[in-house]
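Take a look at the structure below.
The values are calculated or read from the model by the stated rules, or taken from the named source; none is laboratory data. Computed from a prediction, not measured in an experiment: that's the story for all the values here. Please note: Cβ atoms are built from the backbone with ideal geometry, for glycine as well, and neighbour counts cover all protein chains shown.
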Ligand SMILES: Cc1cc2nc3c(=O)[nH]c(=O)nc-3n(C[C@H](O)[C@H](O)[C@H](O)COP(=O)(O)OP(=O)(O)OC[C@H]3O[C@@H](n4cnc5c(N)ncnc54)[C@H](O)[C@@H]3O)c2cc1C
Ligand code: SF4
Ligand code: FES
């Protein structure tokens, strides 16, 4: 009892960073229980067998945690359902006969590598600028020496669940990376371990974010609406507060 | 060649302390001239690269993903063990050591495992100092949960995302060193060869996955932290890109492969739903605390599970193992599920699944407890379900959501359908106490080595081992080797060894591109997986393994004639990457079968059907197989086996029983 649905895909094809891209149309027969990426696997096997070039896309864990998968599906990063990544989307969310438009995460700071793969290394450089606690291996005290109230630990954890996917940037009309940066700043500002470098950290990270060419935040909230991990907008407010405090302090 | 495991002399509990205090040191000025290549940035690689850079070495790190933060370690769910004894429940370094050796069915080295238990506590301290937000109690102390195979609560966790939080901690330490200029990071790079000069590892050849160019990189030492090879089975809980290539290339240049057949099959995964399936998803071991596993007593019973009355259900784990019931170790639970399905009692559309049912505990354990808290006397079923559901939701909500997302069934209403799936590989590159392979200067860390888990790994111990290796072991042990290398100048990469190694890579890539046959890489990988799963999976027989070896050889031949790789080698070409990995799996699979065939006993995850008791339990043979099988590559399909005998001076070996 194979229950099949037929969908038409309009997929962004672009050979490499410098070439111009365009949409190509493909028809795929899918099973409602397959994941969206498995549907792309089927398409790619089809293309290879026909002697054509398969669609390049990033993915690895296929369970919503590595942050590697991207894709803008019908205009929305990670597709039509909230709170999940592209790899967690299933074909049962679509109907027979649907036309599905698939594009890469677009932003000035995310160059297209090929088709649906983009370069998100700017995020790593922002973390390298300050998204850490400077503690060398072997320098730690006993883990229970510093007590952290459960509410604080839970809040820090919530911010720390960001998977670095870049959907927030892709969703934002200004291609701002504030949600991503805010999440890390918030996590480390909440924890006692992060306090010593609190001010230098936020300044260094924001400077790097600007240097990478990410846009400004105009408070439209599209980032948080599309974030697969539901990182709250409040992390941006926290970051702004931290930044202001640091600046007032002459950092 | 005799294998020297280099276990230090002396009392078990003093070996590591003594080693550390007498290991040769490298002075800071010399460290700056010593270059170390770290391949892989999972827990093992990121922690090693960061720590070595902090010490002053010059480090180059490589990963094939677009960022070091995306290594497969990110997906670990349940937790990380450490002998902190914060719960005051009798835990100790010795107990963690003992549980690990026993859980591994007495096929791991005492010296290594004891060291692992010793450093476990420092791992938690280090992670907390980095800002890893572990779960905490209201009083602010760290929280613990328990895992299979132990009787204490020693597992630290961050919801169901422990691997993510630990890796982000190690990644931030690594990024800090990158920012400081002490580590040069190469992401979207795949290592394809180890370069050996005068018998020592001196560098690697890596392919820039975006441009497709091959690059030569020199190092005074090379560390492989490249993870496990479960994807040889095609379907597994591993990330799609997890592979054996780095370890396999090292093996072919002289590093022995230890216990390749030791594979862990996890009992509770979401079953295969169709031929298009690309990977399998784990449902955490913790669910077995409250879920009861059963199948119908009648074959081919197609009724809705909720309509099958209690007396017509077979709770086969509770029946077979009354003492441990649903909480038997992973290998035992997996085999029992397979036995029922093979006998025709499986459920669901494919009949290759069993039920994991929360209803009983939801109503009777949690529902009743909540009702009595609320003072409800004689609650009806509806009330019990409602109250119990809330408790279950708080404990396992995210897993239940994940299950529903994938299967479109609501596990609060109907039992989960689960089936075992490949999860972890205990086998890997053979290493000595210093984590060095049989190639001088070439090290293996994390899941890539064979070292600490014997024939079966306990839950929450892989994260512990990866971070132990990277943060606390290699920073010391590498000094033994590098202290003798301070006079070695960095070798220019136009040395003929580099040229030849690069040419070998180019030839393989050109051959792959040139075949232009009619079958996709994926189709070969799928077929290999079928052979491995059917004949080298949960149950193995001499006959089946011999067949598998012949089939794999044939499939390999077909691959090199018929595979089709599209595009070119000088561009971003994921199909070409996959082709190279599948080519290596096609060689590894044969070795795994050969190893399984030679080991005429059943132990841990290795179950040879000929070696079982009348009740179907595993029969270990300590007289003949109490050793590590380390395989030396000679030629295609030709290996020599070396034995490292295991000596147990501190633990009395016993047969595991869970009845
Ligand atoms: C779903 C799941 C849940 C798990 N949960 C737990 C748990 O709760 N507790 C626990 O203890 N363990 C758990 N495990 C096991 C554990 O996650 C792994 O064993 C561990 O994370 C492996 O870490 P690693 O550093 O050795 O390798 P990995 O994290 O796999 O990293 C491998 C690295 O090597 C790189 N690499 C590989 N090949 C190459 C190459 N040729 N060239 C360049 N780079 C390369 C990759 O890019 C990557 O950076 C789980 C495993 C799975 C699959
Ligand atoms: S904040 Fe959300 S959308 Fe942005 S990178 Fe993190 S997980 Fe992705
Ligand atoms: S592939 Fe890892 S989050 Fe989607």
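Suppose we filter B:455, B:460 for residues that are surrounded by 24 or more Cβ atoms within 10 Å (Cβ to Cβ), more than 15 Å from ligand 1 (Cβ to nearest atom) and in a loop (DSSP other than H, G, I, E, B); which single one remains?
Exactly one of B:455, B:460 is surrounded by 24 or more Cβ atoms within 10 Å (Cβ to Cβ), more than 15 Å from ligand 1 (Cβ to nearest atom) and in a loop (DSSP other than H, G, I, E, B), namely B:455.
Identify all residues within segment B:181-198 that are within 14 Å of chain A (Cβ to nearest Cβ) and either assigned to a helix (DSSP H, G or I) or in contact (Cβ under 8 Å) with a residue 12 or more places away in the chain (or both); write none if there are none.
B:182, B:183, B:184, B:185, B:186, B:187, B:188, B:189, B:190
Please give the number of the condition residue B:239 fails out of (1) part of a helix (DSSP H, G or I); (2) near ligand 1 (Cβ under 9 Å from one of its atoms).
(1)
When you go through (1) within 16 Å of ligand 2 (Cβ to nearest atom); (2) at the interface with chain A (Cβ under 7 Å from one of its Cβ atoms) one by one for residue B:68, which number turns out not to apply?
Just one mismatch for residue B:68, condition (2).
For segment B:40-143, give me every one of the helices (runs of 4 or more DSSP H) that falls completely inside it and has 1 or more residues that are under 30 Å from residue A:58 (Cβ atoms).
Once the helices (runs of 4 or more DSSP H) in segment B:40-143 are filtered for at least 1 residues that are under 30 Å from residue A:58 (Cβ atoms), what remains is B:43-55, B:110-130.
Limited to segment B:321-337, what total is found for residues that are part of a helix (DSSP H, G or I) and either closer than 14 Å to residue B:103 by Cα or modelled with pLDDT of 90 or more (or both)?
Looking only at that region, the number is 9.
Among the residues in segment B:225-234, are any more than 14 Å from chain A (Cβ to nearest Cβ), surrounded by 24 or more Cβ atoms within 10 Å (Cβ to Cβ) and not in a loop (DSSP other than H, G, I, E, B)?
yes
Since residue B:207 meets every condition but one in (1) within 19 Å of residue B:457 (Cβ to Cβ); (2) buried (at least 21 other Cβ atoms within 10 Å of the Cβ); (3) away from chain A (no Cβ under 11 Å), which condition does it not meet?
With (1) within 19 Å of residue B:457 (Cβ to Cβ); (2) buried (at least 21 other Cβ atoms within 10 Å of the Cβ); (3) away from chain A (no Cβ under 11 Å) applied to residue B:207, the lone miss is (1).
From the list A:222, A:216, which one is more than 14 Å from ligand 2 (Cβ to nearest atom), outside the structural domain of residue A:65 (by TED's automatic domain parsing) and within 18 Å of the chain's Cα centre (by Cα)?
Of the residues listed, the single one that is more than 14 Å from ligand 2 (Cβ to nearest atom), outside the structural domain of residue A:65 (by TED's automatic domain parsing) and within 18 Å of the chain's Cα centre (by Cα) is A:216.
Condition first: within 19 Å of residue B:241 (Cβ to Cβ) and either modelled with pLDDT under 95 or touching a strand residue (DSSP E or B) at 6+ places or on another chain (Cβ under 7 Å) (or both). Now tell me which residues in segment B:175-187 satisfy that.
Answer for segment B:175-187, where residues must be within 19 Å of residue B:241 (Cβ to Cβ) and either modelled with pLDDT under 95 or touching a strand residue (DSSP E or B) at 6+ places or on another chain (Cβ under 7 Å) (or both): B:185, B:186.
Hey, any hits in segment A:127-143 for a residue that's within 15 Å of ligand 2 (Cβ to nearest atom) and at pLDDT 95 or above?
Yes, segment A:127-143 contains at least one residue that is within 15 Å of ligand 2 (Cβ to nearest atom) and at pLDDT 95 or above.
Run down A:87, A:61, A:66 and say which single residue is more than 7 Å from every other protein chain (Cβ to nearest Cβ), closer than 24 Å to residue B:167 by Cα and at pLDDT 95 or above.
Unique residue meeting the criteria: A:87.
Sort through B:399, B:429, B:374, B:356 and tell me the only one that's modelled with pLDDT of 95 or more and farther than 30 Å from residue B:595 by Cα.
B:356
Which residue out of A:204, A:159, A:167 is away from every other protein chain (no Cβ under 14 Å), touching a helix residue (DSSP H, G or I) at 6+ places or on another chain (Cβ under 9 Å) and either surrounded by 24 or more Cβ atoms within 10 Å (Cβ to Cβ) or modelled with pLDDT of 95 or more (or both)?
None of the other options fit; the residue is A:167.
Go through (1) facing chain B (nearest Cβ under 9 Å); (2) surrounded by fewer than 22 Cβ atoms within 10 Å (Cβ to Cβ); (3) assigned to a loop (DSSP other than H, G, I, E, B) for residue A:174 and report which single condition fails.
Failing condition for residue A:174: (1).
Any chance segment A:94-111 includes a residue that's touching a residue at least 24 places away in the same chain (Cβ under 8 Å), in contact with a strand residue (DSSP E or B) (Cβ under 6 Å, 6 or more places away or on another chain) and closer than 25 Å to residue B:524 by Cα?
So far as segment A:94-111 goes, no, none of its residues is touching a residue at least 24 places away in the same chain (Cβ under 8 Å), in contact with a strand residue (DSSP E or B) (Cβ under 6 Å, 6 or more places away or on another chain) and closer than 25 Å to residue B:524 by Cα.
Within segment B:250-270, can you find the residues that are buried (at least 24 other Cβ atoms within 10 Å of the Cβ), outside any strand (DSSP E or B) and within 12 Å of ligand 1 (Cβ to nearest atom)?
B:250
Which of the residues spanning segment A:38-54 are within 15 Å of ligand 3 (Cβ to nearest atom) and more than 7 Å from chain B (Cβ to nearest Cβ)?
Passing the criteria: A:39, A:40.
Report whether or not residue B:273 is surrounded by fewer than 22 Cβ atoms within 10 Å (Cβ to Cβ), touching a helix residue (DSSP H, G or I) at 6+ places or on another chain (Cβ under 9 Å) and within 14 Å of another protein chain (Cβ to nearest Cβ).
yes
Evaluate segment B:199-212: report whether one residue or more is touching a helix residue (DSSP H, G or I) at 6+ places or on another chain (Cβ under 6 Å), in contact (Cβ under 8 Å) with a residue 12 or more places away in the chain and away from ligand 2 (no atom under 16 Å from the Cβ).
Yes, segment B:199-212 contains at least one residue that is touching a helix residue (DSSP H, G or I) at 6+ places or on another chain (Cβ under 6 Å), in contact (Cβ under 8 Å) with a residue 12 or more places away in the chain and away from ligand 2 (no atom under 16 Å from the Cβ).
Could you tell me which numbered condition residue B:643 fails, if it satisfies all but one of (1) surrounded by 20 or more Cβ atoms within 10 Å (Cβ to Cβ); (2) more than 14 Å from every other protein chain (Cβ to nearest Cβ); (3) at pLDDT 95 or above; (4) in contact with a strand residue (DSSP E or B) (Cβ under 7 Å, 6 or more places away or on another chain)?
(1)
Please verify whether segment B:548-567 includes one or more residues that are in contact with a strand residue (DSSP E or B) (Cβ under 7 Å, 6 or more places away or on another chain), farther than 25 Å from residue A:43 by Cα and in a helix (DSSP H, G or I).
no
Going through B:51, B:5, B:73 one at a time, which residue ends up being under 21 Å from residue B:444 (Cβ atoms) and away from ligand 1 (no atom under 16 Å from the Cβ)?
Criteria check complete, one pass: B:5.
I'd like to know if segment B:130-153 contains one or more residues that are out of contact with any helix residue (DSSP H, G or I) (no Cβ under 9 Å at 6 or more places or on another chain) and either buried (at least 24 other Cβ atoms within 10 Å of the Cβ) or modelled with pLDDT under 95 (or both).
yes
So which pairs qualify, if the first residue must be in segment A:48-67 and farther than 22 Å from residue A:160 by Cβ, the second must be near ligand 3 (Cβ under 6 Å from one of its atoms) and part of a loop (DSSP other than H, G, I, E, B), the Cβ gap must be under 7 Å, and the two must be at least 6 apart or on different chains?
Partner pairs satisfying both residue conditions: A:58/A:68; A:58/A:69; A:59/A:68; A:59/A:69.
Of the conditions (1) over 18 Å from residue B:405 (Cα atoms); (2) surrounded by fewer than 22 Cβ atoms within 10 Å (Cβ to Cβ), residue A:95 satisfies every one except a single condition; which number is it?
Of everything listed in (1) over 18 Å from residue B:405 (Cα atoms); (2) surrounded by fewer than 22 Cβ atoms within 10 Å (Cβ to Cβ), residue A:95 misses just condition (1).
Within segment A:144-165, count every residue that is within 16 Å of ligand 2 (Cβ to nearest atom) and outside any helix (DSSP H, G or I).
Adding up the residues that qualify gives 5.
Quickly run through segment B:482-505 and pick out the residues that are touching a strand residue (DSSP E or B) at 6+ places or on another chain (Cβ under 7 Å) and either within 14 Å of another protein chain (Cβ to nearest Cβ) or more than 23 Å from residue B:170 (Cβ to Cβ) (or both).
B:490, B:491, B:493, B:495, B:497, B:498, B:501, B:502, B:504, B:505
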